[in-house]
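Everything on this sheet refers to the single structure shown next.
What follows draws every value from the coordinates through simple rules; no lab data is involved. The model shown is predicted, which means the values in this text are computed figures rather than measured ones. FYI the Cβ positions are ideal-geometry reconstructions off the backbone, even for glycines, and counts take in every protein chain you see.
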Amino acid sequence: MKNLTILFLLMIVFVSSANAQLEVYGRYTKNGKVEPDVNIFGVKKISEKINLTYFALVEEKWSEALK
C-alpha cells in the first residue's frame, strides 16, 4: 500500500504538468473486498516535433507503466 501511495502522489505531479487523465476507483472482488485501482494516461509536449506519452496502471497485486 505504501508503494501505491507514492506512485499516486507522483502521478498527481505528472497530471498537473501535462494533458492527462487520472482515474481512481475501487473494484469489488468475489469475496466482497474492495481493491483500489488507479489509471493514468498523459501526453506532454517536449518540443515542436516530440511528445512524451505515458500510461500507468496500479492495482493491489499488479502495476505497470509505459512511456
Self-check item: Karplus (6.51, -1.76, 1.60) ³J(HN,Hα), θ = phi - 60°, over the range 53-64, in Hz, Gly and Pro reported as x
Solution: 10, 9, 8, 9, 10, 10, 10, 5, 10, 8, 9, 8
Exercise. Would you calculate the separation in nanometres between label points at L52 and T29, each defined as 7 Å from the Cα along the Cα-to-beta-carbon direction?
Key: 3.4 nm
